[in-house]
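Each reported figure results from applying straightforward, stated rules to the coordinates on display, with no laboratory input. Since this is a predicted model, take the numbers as computed values, not measurements. Please note: Cβ atoms are built from the backbone with ideal geometry, for glycine as well, and neighbour counts cover all protein chains shown.
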């Protein structure tokens, strides 16, 4: 990943790490780049979440794009998957989403999508970074009638809503559905979709004020939705994050159904309907051991990628798979979306429930999550510690002790100076012991500095 753009865009504290000038220069470069690449005025579509700073970045990006002679189309407040869908279906050269996803309101981000609605390639992002840092000569400003236009494209969001309502094969009539919109991008879209499909819809955390996005709500704080479902005797609940590319579910008993269980339910459904190429699901290395055991028992294969939905999607596209995701709720149904789409995930789960006439608790019954212990450890050198013979031996010993009753994982963080030591086992005590055994090897070999 580059200096500014990581696995999920240019993200940081608004006004400090990510400034309006950064946004303006990003727009300047992209407007110029695509105009020169295509040999015509480029068309770039922009969406944003409900953070106060998103309006600032929207204006700065549009100014940059139009000053380079390209056109900026504004979807206004919408979801990341909406921007992805509109980019690929409405023949835009690229899309931009202004959001820091599940981060608190004082952060923000700029996500770039290519013309297929997929995450932007590294080369284009690196060139943009070079321009931001002044390593590319100043670009010419458009003048006269070459200056680009800013166009209100609110209708694009309605087209996306129409697309979503066409995905399920069944009506949701008489089904009580609770939606936690996280005071974010889904606050206007989610109700519209579920109401249109006949559900009796209950919506919480759908009053954004610019500073309350993700605050004690949504997919990262799902307990509120769990309590709401229990207290109001709702059939099912769905919680989205700030830009609605994630979705976690809550069953009728108020119990969380995480991304791994969602993939399990979807995989069985898709296998049954011959919709799962090579009977394979794509996960990351952080998916729970319980998911793998459940998939094995049902004859479903899986591939593991590095952490990040970007890597999950790349694997799916390369090998033709149609289902993949992360425990956090980034689930990708590639037939319907080129990115994680919380709304699609919710609709697909509803589809399974309606067809099977079973509650979500029954559908998830065959996938039991193993207790997990994860500790972040600061070491003197990540690479040297990972290759240390004593540390490698401790990992092997922990794996042998667990056998087929769990697993261990030691990996370097991509964003922090730490190693992540994780174990999953049948009991919390076994998982804790496995993690501590590996950390002790780091200590005795002289690499351990601090346990966070």
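Write down the Kirkwood hydrodynamic radius of the range 5-158, to one decimal in angstroms, obtained as one divided by the mean of 1/r over all alpha carbon pairs. Mind dumping the intermediate values first?
Details: mean 1/r = 0.0668 Å⁻¹.
This gives a value of 15.0 Å.
Taking 0.36 nm per residue of separation and subtracting the Cα-Cα distance, full extension of the segment from residue 392 to residue 356 would add 8.3 nm. Short to long, the 10 Å bins of the Cα pair-distance histogram for the range 386-439 hold 26, 54, 20, 1 percent of all pairs. The modelled label-to-label distance for the pair residue 130/residue 200, using points 7 Å beyond Cα in the direction of Cβ, is 6.1 nm. For residue 412 and residue 272, a Förster radius of 25 Å and the Cβ-Cβ distance give a FRET efficiency of 0.05, rounded to the nearest 0.05. Comparing the range 76-182 with the 2.2 N^0.38 Å rule of thumb, its C-alpha radius of gyration ratio is 1.40 (two decimals). Here the Kirkwood formula puts the hydrodynamic radius of the chain at 23.0 Å, using every distinct Cα pair.
As a proxy for reagent exposure, 338, 301, 273, 76 were ordered by neighbouring Cβ count within 10 angstrom, fewest first; the result is 273, 301, 76, 338.
For a label point 7 angstrom out from the Cα of residue 297 toward its Cβ, which stretches of the range 410-452 have the backbone nitrogen within less than 17 Å? Answer for this model: 425-427. Distance between the modelled labels on residue 154 and residue 384, one decimal in nanometres: 6.1 nm (7 Å Cα→Cβ projection). Summed over qualifying helices (DSSP H, 4 residues or more, each -39500 (n - 2.57)) and divided by its residue number, the chain shows a 222 nm mean residue ellipticity of -12000 deg cm²/dmol.
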